[in-house]
Each structure stands twice: as C-alpha cells, then as structure tokens.
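Input: a single structure, listed below in structure tokens.
The values are calculated or read from the model by the stated rules, or taken from the named source; none is laboratory data. If you're wondering where the values come from, they're calculated on a predicted model, not measured in any experiment. As a convention, Cβ positions derive from the backbone with ideal geometry for all residues, glycine included, and neighbour counts pool all protein chains shown.
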Amino acid sequence: MRKRIRRETLEEIVYTLLQLIPMGKVSTYKSLSKIVGVHPRVIGYILGRNKDLITTPCHRVVYKDGRIGGYSLGTNFKKRLLELEGVEIEEDDKIPKRYIIDLAKELLEK
C-alpha cells in the first residue's frame, strides 16, 4: 500500500524538480507527475499555489502536447517569460518538441 506524502513535502519536491528544468527548455505536467507519483492535475494545482514565480520557474511546465497551460499572471506573461529564455512559441501557442524535455525519463531511466 502506498504511503501518502504531506502536501508541504509534495510541494517542496515539485518546486525542487522545477530547478532541474534548464532555461530555454520546458517539461510537462505529466512528466513531473510520473516522478512524484500523482495525477498531472495535482502538479498543476501545486504550481498554481507557487508564490515565488520567478525563482521557482513554474512557467517552464506545459501540457504534454506542447500547449502553454495556465499561469497565475496569465498565459501572455508565461509566453513572454519563455520567449525571454529562448523558447520559441508557434502560432498555435504550442511549444515545439525540441524544447520539451522529459524530466521523468532523464531522472528515472538513467
């Protein structure tokens, strides 16, 4: 039977994982959820509670299909931050696959 992680501990783990996403790249809610063992929506909930938006780079997390996803300061602000970091955003507001890293694969399969 799986042991339940305290919310504060889970938040700390997720925020630490965000620090592993390099500037100019993004990862996905799904990838982070695989590492932590929760549903991708839980990752979205945790990121939505982030009070330190710049030093905890939750703007570097997108949907698995490359769509931008939400951001507490709005998606236009999120897009601008990503562009400033060198991430290209296509006309349909998607991130090209070359910018998406599968953090779960990098951490769990090596």
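Among the residues of the range 31-55 satisfying the criterion of being among the small types (G, A, S) and over 18 Å from L82 (Cβ atoms), which is surrounded by the most Cβ atoms within 10 Å (Cβ to Cβ)? Selected residue: S33. Within the range 83-110, if we keep just the residues that are part of a loop (DSSP other than H, G, I, E, B) and in contact (Cβ under 8 Å) with a residue 60 or more places away in the chain, the residue that is nearest to K30 (Cα to Cα) turns out to be D102. The combined condition, being surrounded by fewer than 16 Cβ atoms within 10 Å (Cβ to Cβ), in contact (Cβ under 8 Å) with a residue 12 or more places away in the chain and not in a loop (DSSP other than H, G, I, E, B), is not fulfilled by R80. Among residues of the range 94-110 being under 16 Å from the mean Cα position of the chain (by Cα) and among the charged types (D, E, K, R), the one that is modelled with the lowest pLDDT is E106. Looking at K30, K64, can you tell me which residue is in contact with a helix residue (DSSP H, G or I) (Cβ under 6 Å, 6 or more places away or on another chain), assigned to a loop (DSSP other than H, G, I, E, B) and at pLDDT 95 or above? Within the list K30, K64, the selection yields K64. Here R41 meets the list (1) touching a residue at least 24 places away in the same chain (Cβ under 8 Å); (2) assigned to a helix (DSSP H, G or I) almost entirely, failing just condition (1).
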